[in-house]
Amino acid sequence: MNIHLTDEQKMMQTMVREFAQQEIKKQVIQMDKQHHFPTEIIKKMGELGLMGIPIPETYGGSGMDYTSYIIAIQEISKISATIGVILSVHTSVGTNPILYFGNDEQKKRYVPKLARGQYLGAFALTEPHAGSDAANLKMKATKQGDYYLLNGSKIFITNGKEADTFITFARTSDLGRSKGISAFIIEKDTPGFTIGKSERKMGLHGSSTVSLSFDQCKVHQDQLLGKEGEGFAIAMANLNIGRIGIAAQALGIAEGALEHASVYAKEREQFGRPISQHQGITFKLADMATEVEAAKLLVYRAASLIERDKSCTKEVSMAKLFAAQTARKVSIEAVQILGGYGYTEDYPVERYFRDAKVTEIYEGTNEIQRMVISKNLLK
Ligand code: CAA
């Protein structure tokens, strides 16, 4: 498959590359070292239309295709995987569930604000005892008149500290596993809803990851997203497509690490010549570049299937699995090529490696992607 970009997609690529170089690059170290959430950058991204790339213009978005969306995440993640994940979670699983499953009132109320970046979105599915086994979640939503009372807790919620809206999943009936789960739109200031501790993570230091607690949290039935009992289907439908965002983030990380390793290899001299003239290094770079190219083809193909409304759960999971593994492998090889310097904080490759690892874990671990792929392959 040739990756032939349209004029609009090329414009997106150029615009985001420049934005990442001029606005993001200078803040990368502060985000990483001080665990600083990039509020100002996110605001500018909203002004540029980057917080709602695939959202229709009628709902305040940029009305662009999924290829443009992944180009933006890929280009941003080459410089900052932290901003890559903030953007992906906000769009794929923070906004899309309302766009696809919300009623007219909910769409009008929330989507334009999210698409313009005035609101930040989060997705609250994971619980302390229900991660990969999402259908085992325990949080309860009990109907009382026109309201629901939510009780329980969530964990590992990306964007959670700064988000305005949380797509939250809770059990509304005792029907087993996936059957009794419903989805709600929870606003940050809802009484009974509190944001808990921030995780100290290996990477992605500028993005917040928090626990949430719901204690007799009372929400009007208007906040129910879709119908009662549809929650698991809503979560899966959005993850099926949404995982393309993390795949694009992983691709960007791999490309960024490869670029740094290539530049360094040409400059660094050992045994009287640049290390890029030693076969041990050139073969590594050749393997890294080949894997990056393969990941790119899978990611762009999955995006083009989404655009054509093709069923593409398997292809998105393949892209996410392969790109995440590539990000981890390429970034660790980049550390190896930089040697002792690569292991220090003076060079960015150790950060690429720390940021890469979680792409194999969140939005479905590698093992979950293999379950999804094999299930679709064999059905
Ligand atoms: N798409 C649509 N429907 C699906 C589906 C999919 N991918 N997977 C399952 N379903 C449906 C099934 O068809 C079934 O429906 P029926 O009962 O009507 O037939 C129902 O869901 C239950 O199916 P299973 O029994 O097969 O489900 P399961 O319990 O075995 O779980 C799973 C399937 C794929 C493992 C799912 O639990 C899963 O995706 N787990 C990973 C969770 C995850 O990705 N979490 C990420 C959290 S968000 C995040 O990480 C954001 C961030 O911070 C970056």
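Note on the range 146-258: enclosed strands (runs of 3 or more DSSP E) holding 3 or more residues that are within 13 Å of the ligand (Cβ to nearest atom) and under 22 Å from the mean Cα position of the chain (by Cα) are 147-158, 165-171, 209-220.
Met51: aliphatic (A, V, I, L, M) and open to solvent by less than 10 Å² (accessible area, probe 1.4 Å), yes or no?
yes
Scanning the range 123-141 for residues that are more than 9 Å from the ligand (Cβ to nearest atom), surrounded by fewer than 16 Cβ atoms within 10 Å (Cβ to Cβ) and in contact (Cβ under 8 Å) with a residue 24 or more places away in the chain turns up Pro128, Lys138.
Let's see how each residue does on (1) more than 16 Å from the ligand (Cβ to nearest atom); (2) open to solvent by 60 Å² or more (accessible area, probe 1.4 Å):
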| residue | (1), (2) |
| --- | --- |
| Ala319 | no, no |
| Ala323 | no, no |
| Thr326 | yes, no |
| Ile332 | yes, yes |
| Asp346 | yes, yes |
| Glu350 | yes, no |
| Ala356 | no, no |
| Thr359 | no, no |
| Met371 | no, yes |
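Within the range 239-266, being small (Gly, Ala, Ser) and modelled with pLDDT of 95 or more holds for Gly245, Ala247, Ala248, Ala250, Gly252, Ala254, Gly256, Ala257, Ala261, Ser262, Ala265. In the range 259-275, the residue that is nearest to the chain's Cα centre (by Cα) out of those that are of a type in the set (Asp, Glu) and part of a helix (DSSP H, G or I) is Glu259. Is it true that some residue in the range 169-185 is out of contact with any helix residue (DSSP H, G or I) (no Cβ under 7 Å at 6 or more places or on another chain), β-branched (Val, Ile, Thr) and either within 22 Å of Tyr110 (Cα to Cα) or in contact (Cβ under 8 Å) with a residue 24 or more places away in the chain (or both)? Checked against the condition, which is being out of contact with any helix residue (DSSP H, G or I) (no Cβ under 7 Å at 6 or more places or on another chain), β-branched (Val, Ile, Thr) and either within 22 Å of Tyr110 (Cα to Cα) or in contact (Cβ under 8 Å) with a residue 24 or more places away in the chain (or both), the range 169-185 yields no hits at all. Applying the set (1) open to solvent by 10 Å² or more (accessible area, probe 1.4 Å); (2) touching a Leu at 6+ places or on another chain (Cβ under 9 Å) to Tyr119 leaves exactly one unmet item: (2). With respect to the conditions (1) open to solvent by less than 20 Å² (accessible area, probe 1.4 Å); (2) in a helix (DSSP H, G or I); (3) more than 15 Å from the ligand (Cβ to nearest atom), Glu105 falls short on a single one, namely (1).
The values are calculated or read from the model by the stated rules, or taken from the named source; none is laboratory data. Just so it is clear, the model here is predicted, and its values are computed rather than measured. Neighbour counts are summed over all protein chains in view; Cβ atoms, including those assigned to glycine, are modelled from backbone coordinates with ideal geometry. Each accessible area value is taken on the protein alone, full model and side chains, heavy atoms only, with ligands, DNA and RNA left out. Shrake-Rupley method; radii C 1.70, N 1.55, O 1.52, S 1.80 Å.
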